């Protein structure tokens, strides 16, 4: 397993990160424990979760993923072997994450409550990387309108106030570092500006969607990642399973996220199917597993700190971790570039 520095922290995280959002919904506690056992044995030292998980979010399962990780830490005594990342929700209409039933926002009060609740569920005294799950300001996210920016006026907690609240918890030892998620180049640079200007905690990472069919990170944010050492933690590297080919031709396998929840519209635009067909053809021509090819593409990008993999079965997890063994060649890079230029970013 390759290890890379997380921002400017000096800490080394595995190039593959274990994603956990299905635990407590599609996966049981025992299955979550088995995945963590296997991932740790394969050299993965970086786990990512959120106060909101399992996904899709709902009151009945909120916090279940963190509780499963916490029970594993207690049962195995493995806390010191893992660099643990979790997240606090941004502004949203969800009312079940806070004890008073308030809708979520990144106020100092809500951040404090979220941190204490996560620490309790995780059965730990610290969170290594604490991420803002999405911006507090109103903006299109998660594939809405192709992520085209449209200015929306609305209430927002000032960035300096958010950083100030996080600083209090860094000083208290409850969190070590901070990161962003689903953020823009402007947002990332604004956080960096206030950190430098006011002596506040510095952002170390940004967790955004990135895959063969969504390379929008390369336009603006990749330069920020390089110049500012705010590396990408790439989520949905398989486009929620579409790049495995299992949904091609309108298929909806039993037990899949599409069959269970039908929430994958980000990857169901008219241009997406033909683009995926091109990548599946490349994998077939070169004798590669399409999932492993798609994952290795993400892992090999120079601005990626860690590639977040997720699985609902052990077979899937073993395939995903096995992507580390795929040899990336100049020929493969040329094929991928040609497919990208033929249909760039069909599912941003």
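The values are calculated or read from the model by the stated rules, or taken from the named source; none is laboratory data. Predicted, not measured: the structure shown is a model, and the values here were computed from it. Glycine also receives a Cβ, built like all others from the backbone with ideal geometry; neighbour counts cover every protein chain displayed.
Check whether at least one residue in segment 258-265 is in contact with a helix residue (DSSP H, G or I) (Cβ under 9 Å, 6 or more places away or on another chain), surrounded by 16 or more Cβ atoms within 10 Å (Cβ to Cβ) and either without any contact (Cβ under 8 Å) to a residue 24 or more places away in the chain or in a helix (DSSP H, G or I) (or both), and report yes or no. Yes, segment 258-265 contains a residue that is in contact with a helix residue (DSSP H, G or I) (Cβ under 9 Å, 6 or more places away or on another chain), surrounded by 16 or more Cβ atoms within 10 Å (Cβ to Cβ) and either without any contact (Cβ under 8 Å) to a residue 24 or more places away in the chain or in a helix (DSSP H, G or I) (or both).
When you go through 334, 278 one by one, which is the residue that is touching a helix residue (DSSP H, G or I) at 6+ places or on another chain (Cβ under 6 Å) and in a helix (DSSP H, G or I)?
Working: 334 fails: touching a helix residue (DSSP H, G or I) at 6+ places or on another chain (Cβ under 6 Å).
Checking each option against the conditions leaves just 278.
Restricting 74, 99, 58 to residues that are in a loop (DSSP other than H, G, I, E, B), farther than 27 Å from residue 140 by Cβ and modelled with pLDDT of 95 or more narrows the list to 99.
Out of the residues in segment 186-204 that are touching a helix residue (DSSP H, G or I) at 6+ places or on another chain (Cβ under 9 Å) and under 24 Å from residue 309 (Cα atoms), state the one that is surrounded by the fewest Cβ atoms within 10 Å (Cβ to Cβ). Working first, answer last.
If we filter segment 186-204 for residues that are touching a helix residue (DSSP H, G or I) at 6+ places or on another chain (Cβ under 9 Å), which is where we start, we get 187-195, 197-203.
From what is left, the residues that are under 24 Å from residue 309 (Cα atoms) are 188, 203.
Working: 188: 20, 203: 29.
The residue in question is 188.
Per the conditions (1) out of contact with any strand residue (DSSP E or B) (no Cβ under 6 Å at 6 or more places or on another chain); (2) within 17 Å of residue 115 (Cα to Cα); (3) touching a residue at least 60 places away in the same chain (Cβ under 8 Å), the sole criterion not satisfied by residue 171 is (3).
Name every residue in segment 89-99 that is in contact with a helix residue (DSSP H, G or I) (Cβ under 9 Å, 6 or more places away or on another chain) and free of Cβ contacts under 8 Å to residues at least 40 places away in the same chain, in order of residue number. Lay out the reasoning, then the answer.
Looking only at segment 89-99, we keep the residues that are in contact with a helix residue (DSSP H, G or I) (Cβ under 9 Å, 6 or more places away or on another chain), and these are 89, 97-99.
Matches in segment 89-99: 98, 99.
Scanning segment 36-55 for residues that are in a helix (DSSP H, G or I) and farther than 20 Å from residue 127 by Cβ turns up 37, 38, 41.
Mind listing just one residue for me: the one in segment 1-24 that is assigned to a loop (DSSP other than H, G, I, E, B) and within 17 Å of the chain's Cα centre (by Cα) and, of those, surrounded by the most Cβ atoms within 10 Å (Cβ to Cβ)?
Start the filter on segment 1-24 by keeping residues that are assigned to a loop (DSSP other than H, G, I, E, B), which leaves 1-2, 6-11, 15, 20-22, 24.
Right, trim to within 17 Å of the chain's Cα centre (by Cα) and you get 6-7, 15, 20-22.
Working: 6: 25, 7: 22, 15: 21, 20: 27, 21: 21, 22: 19.
The qualifying residue surrounded by the most Cβ atoms within 10 Å (Cβ to Cβ) is 20.
Here residue 286 passes the criteria (1) loosely packed, with under 14 Cβ neighbours inside 10 Å; (2) touching a residue at least 60 places away in the same chain (Cβ under 8 Å); (3) farther than 30 Å from residue 227 by Cα except the one numbered (2). Taking residue 166 as the residue in question, decide whether it is modelled with pLDDT of 95 or more and touching a helix residue (DSSP H, G or I) at 6+ places or on another chain (Cβ under 9 Å). Criteria met by residue 166. Using the structure shown, decide if residue 40 is more than 14 Å from the chain's Cα centre (by Cα), under 29 Å from residue 229 (Cβ atoms) and touching a residue at least 40 places away in the same chain (Cβ under 8 Å). Taking the combined requirement at face value, the residue satisfies it. The residue that is nearest to the chain's Cα centre (by Cα), among those in segment 127-159 that are more than 23 Å from residue 219 (Cα to Cα) and surrounded by fewer than 16 Cβ atoms within 10 Å (Cβ to Cβ), is 158.
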